[in-house]
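> Got a structure for you, written out below as structure tokens; questions coming shortly.
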Amino acid sequence: MRYTTLPNSNIKVSKICLGTMTYGKQNSELEGHLQMDYAFEQGVNFFDTAELYPVPACEKTQGETERIIGTWLKKTSKRDKVILASKVAGPGSYTSHIRDNLSFKKEHINEAVNKSLARLKTDYIDLYQLHWPERSTNTFGQRGFKYDEDETWEENFEEVLLTLKELISSGKIRKIGLSNENPWGLMKFISLAEQYDLPRVVSIQNPYSLLNRLFEIGNAEICMRENTGLLAYSPLGFGVLSGKYLDGKMPKDSRLKLFPNLSRFAGEQSMNATEMYMKIANKHRISLTHISLAFVNSRPFVTSNIIGASKLIQLKEN
């Protein structure tokens with residue numbers, strides 16, 4: 001296992017990060033524990049989760065992923081050997097069950113942190129991330145930005161950083177990061193931190209793969225020039241880059257079969273590209289999964305590559 005360091009920190013993390021968003025829905029507690037056991041044995045010391053998980057999000061299972069990680073940490077006594085990342089959910093129709101009037105107000109962030117700490121059975125979270133922007137912007141595969149003149153959100157980056165600074169001072173979190181963020185938001189957080197001596201964003205967790213290279217436009221340059229690391233999620237495009245959906249196949253236990261709404265990487269162009277990548281993999285007698293993950297690992301702005309799997313055999317190949 002190779003290791004990197006979260007930028008602007010002394011926190012050493014494995015180049016491969018274990019994504020856990022299937023725990024509590026696609027994976028049972030036992031299966032989650034087996035995955036964490038195996039990943040840890042291979043040198044993975046970096047686990048990523050969120051208060052929202054598992055996905056798809058719903059009130060019945062909300063927080064189950066953190067709870068499962070918490071029982072594993074308690075059972076194994078490995079908390080001091082694991083770098084733990086979690087996230088606070090922003091507003092959205094699919095998160096209204098978490099808190100009333102969901103926002104990044106101080107009381108909401110504090111509530112989220114405290115509940116995550118309880119579920120995770122720990123006193124601190126190493127990396128705490130804003131799961132997506134509070135403002136209206138283009139995320140989750142949306143390309144064009146449309147300005148909403150009726151938006152009620154008021155710029156509050158400094159207030160959010162002040163809240164996170166208090167949490168760092170209290171020892172509840174160590175470092176902060178963003179997720180599903182765009183260049184404007186990333187630079188606002190960086191510049192305000194420098195201007196007012198507030199916590200510095202060390203990472204940004206966005207989708208990045210051979211099927212989705214939008215991060216290279218804007219965000220990649222910021223990461224390189226401002227010393228911020230990408231934590232790349234969906235490096236296999238929700239499993240599309242494993243090749244298992246080619247030729248119209250739809251495995252019965254696959255994510256796209258179980259949750260058709262999670263199909264942002266399964267369009268015609270994605271499938272055509274995947275077919276061409278598969279030809280390259282076959283030519284060189286290499287797994288398409290290996291090629292896809294190695295591509296992400298090779299990018300200079302990537303700090304860690306977040307892999308996830310619903311089956312242990314998939315995790316082993318990853």
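The values are calculated or read from the model by the stated rules, or taken from the named source; none is laboratory data. Remember, it's a predicted structure, so these values are computed and weren't measured experimentally. Glycine gets a Cβ as well: all are built from the backbone with ideal geometry, and neighbour counts include every protein chain shown. Calculation scope for accessible area: heavy atoms of the full protein, side chains included, ligands and nucleic acids excluded. Shrake-Rupley method; radii C 1.70, N 1.55, O 1.52, S 1.80 Å.
> Looking at the range 86-107 only, could you name the residues that are aliphatic (A, V, I, L, M) and within 17 Å of the chain's Cα centre (by Cα)?
Here is the first cut: in the range 86-107, the residues aliphatic (A, V, I, L, M) are 88-89, 98, 102.
Hits for the range 86-107 are VAL88, ALA89.
> Working carefully through the options THR65, THR71, THR61, find the one that is of a type outside the set (Phe, Trp, Tyr), open to solvent by 10 Å² or more (accessible area, probe 1.4 Å) and not in a loop (DSSP other than H, G, I, E, B). Show your work before the answer.
On the way: THR65 fails: open to solvent by 10 Å² or more (accessible area, probe 1.4 Å); THR61 fails: not in a loop (DSSP other than H, G, I, E, B).
On inspection, the qualifying residue turns out to be THR71.
> Could you list, in sequence order, the residues of the range 3-53 that are open to solvent by less than 50 Å² (accessible area, probe 1.4 Å) and among the small types (Gly, Ala, Ser)?
Of everything in the range 3-53, those that are open to solvent by less than 50 Å² (accessible area, probe 1.4 Å) and among the small types (Gly, Ala, Ser) turn out to be SER9, SER14, GLY19, GLY24, GLY32, ALA39, GLY43, ALA50.
> Considering the range 289-318 alone, what residues qualify as being more than 22 Å from GLU275 (Cα to Cα) and among the hydrophobic types (A, V, I, L, M, F, W, C)?
Once the filter is applied, which keeps residues that are more than 22 Å from GLU275 (Cα to Cα) and among the hydrophobic types (A, V, I, L, M, F, W, C), the range 289-318 yields PHE301, VAL302, ILE306, LEU312, ILE313, LEU315.
> Regarding LEU162, is this residue touching a residue at least 12 places away in the same chain (Cβ under 8 Å), under 18 Å from CYS223 (Cα atoms), of a type in the set (A, V, I, L, M) and open to solvent by 10 Å² or more (accessible area, probe 1.4 Å)?
no
> Taking LYS146, is it open to solvent by 50 Å² or more (accessible area, probe 1.4 Å), in contact with an Asp or Glu (Cβ under 9 Å, 6 or more places away or on another chain) and either at negative phi or not charged (D, E, K, R) (or both)?
On the way: open to solvent by 50 Å² or more (accessible area, probe 1.4 Å): yes; in contact with an Asp or Glu (Cβ under 9 Å, 6 or more places away or on another chain): no; either at negative phi or not charged (D, E, K, R) (or both): yes.
So LYS146 does not fit the description; no.
> Of the residues in the range 216-267, how many are farther than 30 Å from TRP184 by Cα and either in contact with a strand residue (DSSP E or B) (Cβ under 8 Å, 6 or more places away or on another chain) or at pLDDT below 90 (or both)?
Residues flagged as farther than 30 Å from TRP184 by Cα and either in contact with a strand residue (DSSP E or B) (Cβ under 8 Å, 6 or more places away or on another chain) or at pLDDT below 90 (or both) within the range 216-267 amount to 17.
> Cβ-Cβ below 6 Å, separation at least six or inter-chain, first residue in the range 181-196 and without any contact (Cβ under 8 Å) to a residue 40 or more places away in the chain, second of a type in the set (D, E, K, R): which pairs?
The qualifying pairs are ILE190/GLU226; LEU192/GLU158; ALA193/ARG200.
> Look through VAL44, VAL13 and report the one residue that is in a strand (DSSP E or B) and of a type in the set (Val, Ile, Thr).
Values: VAL44 fails: in a strand (DSSP E or B).
Of VAL44, VAL13, the one residue that is in a strand (DSSP E or B) and of a type in the set (Val, Ile, Thr) is VAL13.
> Hey, GLN26 hits all of (1) at pLDDT below 95; (2) closer than 16 Å to ARG119 by Cα but one; which does it fall short on?
Only one criterion in (1) at pLDDT below 95; (2) closer than 16 Å to ARG119 by Cα is unmet by GLN26, namely (2).
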